[in-house]
1. Among the residues of region 417-434, write down those that are at pLDDT below 90 and open to solvent by less than 40 Å² (accessible area, probe 1.4 Å).
2. Scan region 289-336 for residues that are open to solvent by less than 50 Å² (accessible area, probe 1.4 Å), assigned to a helix (DSSP H, G or I) and over 23 Å from Leu207 (Cα atoms) and report the count.
3. Need a quick list: helices (runs of 4 or more DSSP H) entirely within region 184-285 having at least 2 residues that are of a type outside the set (Asp, Glu) and open to solvent by 50 Å² or more (accessible area, probe 1.4 Å).
4. Determine the pairs where a residue that is without any contact (Cβ under 8 Å) to a residue 12 or more places away in the chain, located within region 369-384, has a partner that is among the charged types (D, E, K, R) and part of a helix (DSSP H, G or I) with Cβ atoms under 6 Å apart, the partner being 6 or more residues away or on another chain.
5. Scan region 302-314 residue by residue and report those that are modelled with pLDDT under 95 and out of contact with any strand residue (DSSP E or B) (no Cβ under 9 Å at 6 or more places or on another chain).
6. Being open to solvent by less than 90 Å² (accessible area, probe 1.4 Å), under 22 Å from Lys166 (Cβ atoms) and touching a residue at least 60 places away in the same chain (Cβ under 8 Å) is the filter here, so list the residues in region 1-42 that pass it.
7. Just name the residue that is most open to solvent (accessible area, probe 1.4 Å) out of those in region 43-69 that are assigned to a loop (DSSP other than H, G, I, E, B) and of a type in the set (Ser, Thr, Tyr).
Amino acid sequence: MEFLFEEWQEIWLPELKERMLDLTIPKKIRKIITFTGVRRAGKTYAMFQLIKELSKTIPKERIFYLNFEDERIEKTKETLTKLIPTLLQLYGNGKKEYFLFLDEIQIMPEWSRWLRRVFDTYRNITFFVSGSSSKLSSKEIPTELRGRSLSFEIFPLSFKEFLRFKGIQLEKHFEYSERKMSEIKKAVREYIEYGGFPEVVLEDSILQKKKIVQEYFKTIISKDIAERHNIRKIYLLHDFLKLLLNTTNFSINKTVKILHSQGKKVGKGTIINYLNYVQESYFCFFVPIFSYKIKEQLRYPQKVYFVDNSFITNISFRFSKDYGRLYENVVALQLKRIQAKNPLLEIYYWKDEAGEVDFVVKKGPKVEFLIQVCYDIDNYETRKREIRALLKASKELKCKNLFIITESEEGEKEQEWFGIKRKIKFVPLWKWLLK
């Protein structure tokens, strides 16, 4: 353990491409800071970014980083027990203030009990921990750490960050030249197809992008799900994930029937477990139907979305790009980012005989927004269907903030259906993502 602390002090920080992350750490209230999110989204670099900021005012001899995925670290309780005494023995007495960053801590046995003990014991140490598991999130943090932690969820790059990584500068008030607009529209097409994983964004080769994403997928299956939950039938888990990637509406009964039809023996209990595991790994998330009755929410299928569009583009069975689905997944993910900053927001979809509304955004008792996502709004039948459902939902849910996110159409237009007259805002996807 000693050589790892010394090695960190010698190597220090790698070169950083800074992200637009709000990492405001409370100064008056002592908390364990947790970073959660899907593998390779940038949790480690979020830590490094915070270390860089801290090092402007704190001597580097008081800032330490350890990655528990390092094969040189023994995955035992004894390793954790020795960690703090070793640090203090090497770098001073217990009176100095230290900042300890612990990456992928969830792979260590009994990590939460250890963290609770050292947090309460060593009040001069501020702890920062990360993990590719929702067990570190504010919703699922272990009982030992309740009330002691503050969680930051790290996502793949937003579109605004994507443009920054690509060296495309934004201007105020969206007053762009024709050349700049062309550049942004080309960038949003790349973003919706290949996603926002930092390593993928910085790779120029399409073939290499695909290979990187496929490796991420394999690692999530093997390390974040199968290994963590001791799953032996990895082929069954793999088939389950492929089914998820090739559907938009998820039903446990339907999934079991499909797998049975393929000759695979699986029960509802196994599928429910898999469902929990994939959400825990941040691979995907689910959006329920809007209803004031819990029974109704449970009766209808949930819509499934993925933490990055690259999984849909590179892993699913589709032979042509479904831009409608890619657009909708990007919007779902952006809403998820907003929800991470404002936990009071709830996200649903709405459906009745009039049609379906992609997103119902609710805050407290009030529905704040209704959003339709439509790549090809020029088609008359499609336009009629999308507007009809939006107006019906508007009347039922008493919401007048109506949006249709499109490829290029823009403006506010008054629409009427069922005797309902409402103004609808049409917004191009790129502009909605930037606002």
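1. Ile420 - this is the single residue of region 417-434 that is at pLDDT below 90 and open to solvent by less than 40 Å² (accessible area, probe 1.4 Å).
2. Of the residues in region 289-336, 9 are open to solvent by less than 50 Å² (accessible area, probe 1.4 Å), assigned to a helix (DSSP H, G or I) and over 23 Å from Leu207 (Cα atoms).
3. Output list reads 206-219, 234-245, 252-261, 268-280.
4. none
5. Matches in region 302-314: Thr313, Asn314.
6. Answer for region 1-42, where residues must be open to solvent by less than 90 Å² (accessible area, probe 1.4 Å), under 22 Å from Lys166 (Cβ atoms) and touching a residue at least 60 places away in the same chain (Cβ under 8 Å): Arg19, Met20, Leu21, Gly37, Val38, Ala41, Gly42.
7. First, the residues of region 43-69 that are assigned to a loop (DSSP other than H, G, I, E, B): 55-59, 68-69.
With the extra rule that they be of a type in the set (Ser, Thr, Tyr), the set shrinks to 55, 57.
Details: Ser55: 43, Thr57: 115 Å².
Only one residue fits best here, namely Thr57.
Conditions tested, residue by residue: (1) of a type outside the set (Ser, Thr, Tyr); (2) within 23 Å of Thr36 (Cα to Cα); (3) at pLDDT 95 or above.
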site: Leu150; (1), (2), (3): yes, yes, no
site: Gly167; (1), (2), (3): yes, no, no
site: Glu178; (1), (2), (3): yes, no, no
site: Glu183; (1), (2), (3): yes, no, no
site: Pro198; (1), (2), (3): yes, yes, yes
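The values are calculated or read from the model by the stated rules, or taken from the named source; none is laboratory data. These figures come from a predicted structure and were not determined experimentally. Neighbour counts are summed over all protein chains in view; Cβ atoms, including those assigned to glycine, are modelled from backbone coordinates with ideal geometry. Just so you know, the surface numbers come from the protein's heavy atoms only, side chains and all, with ligands and any DNA or RNA stripped out. Shrake-Rupley method; radii C 1.70, N 1.55, O 1.52, S 1.80 Å.
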